[in-house]
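A.B. asks: Here it is, the structure, as structure tokens.
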Amino acid sequence: MSSSPVQRGRWIGADRRRDGGGALMTKRSPPGPLEYLRRWPMRLWLAAVGIFLYAPLIALMVFSFNDSRRNIVWKGFTLKYYEKLFNDSALLEAFANSLTIAAVSTVVSLVIGALAALVLWRFRFPGKTALDGALALPIVVPEICMGVAMLVFFAKVMPWPQGLPWPLNLGAIIIAHVSFSFPFVAVVVRARMASFNREMEEAARDLGAGEFRTIRDVILPHMAPSLIAGALLAFTLSLDDFVITFFTAGPDTVTFPVKVYSMVRFSVTPEVNAASTVLIVLTVLLTAAALKLQGNPAAAAGHGAGDAK
């Protein structure tokens, strides 16, 4: 009787032989030329890279619970520095400013970046190459140069009024963050649209869909994963930006990175560790939420293929 495909698959990559008692034994075949993850040097290298990347973050989070003013000496577990963190009105105000700036700049960057990517992907017009190169400038230009440029712009070209009520006093920083965030969104969205099948758009038009409905029902669903990834990237870049914010922030505006920098100038205290831990946890939660919203493209494609049969 022939064996099933599943039973046959269990023996792929393995040899069958019998020992002295007649018992059936298996012996795995050696790793193939392209099976890198089955080789112990590659596993060791991946483990070393993981430790190199995440050990500092784990150490920071652990020492945020240290019952000592000196980070290098562990004296016990405590939550008092988190209590001080949430009772520090100046730090909470700086954190609220950073979240507001990141949220507003992310929305604006997402709209501008998606439209720019759609225009560069879909249309041909004079100056397209120049526009494409101009979009890459905020990505490749050193951040210190961007910060000085924004300082000159808001000091001489378009002075932003001082003493405005919150959140209008954050306008200069939001504009500066949008200027370097939306090119990243455009790059991500344009890379996603390179895999778009234009025959789907033509089919929608043949079925009577107009311009707006074609974009809404055909193009946007394909663009959705890149929009989520671009928004997450823009939010993260804005939330942890220091250099450009330092040059564009007014005397009455303090963001979380600038506040942490002012605290670190004297010493790295557990309050700084606690604040950084909260920011790391927030970033991880946002990443998990974004991945959850994106879903599993491979699984979705498999369901679609199964429904089509």
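The values are calculated or read from the model by the stated rules, or taken from the named source; none is laboratory data. Please read these numbers as outputs of a predicted model, since none were measured by experiment. Neighbour counts are summed over all protein chains in view; Cβ atoms, including those assigned to glycine, are modelled from backbone coordinates with ideal geometry.
A.B. asks: Please enumerate the residues belonging to the range 72-85 that are surrounded by 14 or more Cβ atoms within 10 Å (Cβ to Cβ) and either free of Cβ contacts under 8 Å to residues at least 60 places away in the same chain or under 25 Å from Ala224 (Cβ atoms) (or both). Give the derivation first.
C.D. replies: Quick first cut of the range 72-85, residues surrounded by 14 or more Cβ atoms within 10 Å (Cβ to Cβ) only: 78, 81-82, 84-85.
Selection gives Thr78 alone.
A.B. asks: Pick from Ala130, Ala116, Ala103: which is of a type outside the set (Val, Ile, Thr), part of a helix (DSSP H, G or I) and over 26 Å from Ala224 (Cα atoms)? Working first, answer last.
C.D. replies: Numbers: Ala116 fails: over 26 Å from Ala224 (Cα atoms); Ala103 fails: over 26 Å from Ala224 (Cα atoms).
After ruling out the rest, the residue left standing is Ala130.
A.B. asks: Select from the range 250-268 the residues that are of a type in the set (S, T, N, Q) and surrounded by fewer than 17 Cβ atoms within 10 Å (Cβ to Cβ) and write down the one among them that is modelled with the lowest pLDDT.
C.D. replies: First, pick out the residues of the range 250-268 that are of a type in the set (S, T, N, Q): 253, 255, 262, 267.
From what's left, surrounded by fewer than 17 Cβ atoms within 10 Å (Cβ to Cβ): 262, 267.
Numbers: Ser262: 79, Ser267: 65.
The qualifying residue modelled with the lowest pLDDT is Ser267.
A.B. asks: Here is a follow-up. If you check Ser109 against the conditions, is it under 15 Å from Ser276 (Cα atoms), of a type in the set (Ser, Thr, Tyr), within 24 Å of the chain's Cα centre (by Cα) and buried (at least 17 other Cβ atoms within 10 Å of the Cβ)? Explain how you work it out, then say what you get.
C.D. replies: Details: under 15 Å from Ser276 (Cα atoms): no; of a type in the set (Ser, Thr, Tyr): yes; within 24 Å of the chain's Cα centre (by Cα): yes; buried (at least 17 other Cβ atoms within 10 Å of the Cβ): yes.
No, not satisfied.
A.B. asks: Look at the range 161-186 and say how many of its residues are surrounded by 22 or more Cβ atoms within 10 Å (Cβ to Cβ) and in a loop (DSSP other than H, G, I, E, B).
C.D. replies: The total comes to 0.
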